[in-house]
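First comes the structure, then the notes that go with it.
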Amino acid sequence: MALAKEYVESLGWDNVLFDSSHDKCYCIKCYPASWSDMADAGGQKYVIPRGWARIGLHVDAAIVGVNDIWNKWIVTFHGTSLLAAKSILHNRQFCLPGDKLIDGTLLGIRPGHIPDKKHIYTSPTIAYSGLPVYSTKHDFNSSKNYCAYTVQIVLQCRQKPGSYTVQGETVNARTTRLCPFISNDDIDYYTEIRGSLVAYGLLVKVI
Ligand SMILES: [Zn+2]
């Protein structure tokens, strides 16, 4: 958790974007191997993001109030780049391909996904959302212990039930099973509805 915090602080993102009441660490010490691999939210199972640390994000009270997201919405993960994640947090909603990010660049469609279809992709398992094709790898040099690390980020989200389509993996995994708990055939969710997703945690993996 300390390294994850140091990394996020090094990004220099505005403090108002964060809410430490949503912090949670899933390292082996904080979330032991004997504890459940799955959890339930909004009536649906998701896979515990073992090995990641969640830096809590501020969630707007009006969004919680209108949708009762803590009780009714499911948990999913969204792997993305640092710039797209920052844009999502600044815009206070998700971006669809074709949207301009905060630096003015266009959010593109990842190769392998259907061209011309503007979708936001999520998954109930970080084994899928955390693939480097979604969650870009970054270098990080700690100024505290002077070690060099590789870091990935994934947004942990609440997602409105019934607002998305479930499909199989699109990374050409073929017979390689990507997650022990979710089959490759049910691992990729997509939606066109920006307002059906709320990010409440910035998951960080430091290796
Ligand atoms: Zn921990």
Practice problem: Within region 164-206, work out how many residues are in contact with a Lys or Arg (Cβ under 9 Å, 6 or more places away or on another chain), farther than 19 Å from D99 by Cα and among the polar types (S, T, N, Q). | Solution: 3
Quiz prompt | Criterion violated by R50 - all others in (1) in contact (Cβ under 8 Å) with a residue 40 or more places away in the chain; (2) open to solvent by 40 Å² or more (accessible area, probe 1.4 Å) satisfied | solution = (1)
Exercise. Output the number of the condition that G98 fails; it satisfies all remaining conditions of (1) within 16 Å of the ligand (Cβ to nearest atom); (2) open to solvent by 30 Å² or more (accessible area, probe 1.4 Å); (3) over 24 Å from N141 (Cβ atoms).
Key: (1)
Quiz item: From the list I55, I63, I74, which one is surrounded by 13 or more Cβ atoms within 10 Å (Cβ to Cβ) and more than 26 Å from P132 (Cβ to Cβ)?
Solution: I63
Self-check item: The one condition in (1) surrounded by fewer than 14 Cβ atoms within 10 Å (Cβ to Cβ); (2) within 15 Å of the ligand (Cβ to nearest atom); (3) not basic (K, R) that M1 fails to fulfil
Solution: (1)
Quiz prompt | Matching residues, region 57-85, being within 12 Å of the chain's Cα centre (by Cα) and under 14 Å from V8 (Cα atoms) | solution = L57, S81, L82, A85
Self-check item: Filter result (within 14 Å of the ligand (Cβ to nearest atom) and under 11 Å from L57 (Cα atoms)) within region 4-23
Solution: D23
Quiz item: What residue, of V47, V154, is at pLDDT 95 or above, more than 17 Å from L17 (Cβ to Cβ) and of a type in the set (V, I, T)?
Solution: V47
Quiz prompt | Of all residues making up region 24-44, the number that are in a loop (DSSP other than H, G, I, E, B) and either within 9 Å of the ligand (Cβ to nearest atom) or open to solvent by 40 Å² or more (accessible area, probe 1.4 Å) (or both) | solution = 12
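The values are calculated or read from the model by the stated rules, or taken from the named source; none is laboratory data. All figures in this text were calculated on a predicted structure; none of them were measured in a lab. So basically every Cβ, Gly included, is an ideal-geometry build from the backbone, and we count neighbours across all protein chains shown. All accessible areas refer to the heavy atoms of the entire protein, side chains included, with ligands and DNA or RNA removed. Shrake-Rupley method; radii C 1.70, N 1.55, O 1.52, S 1.80 Å.
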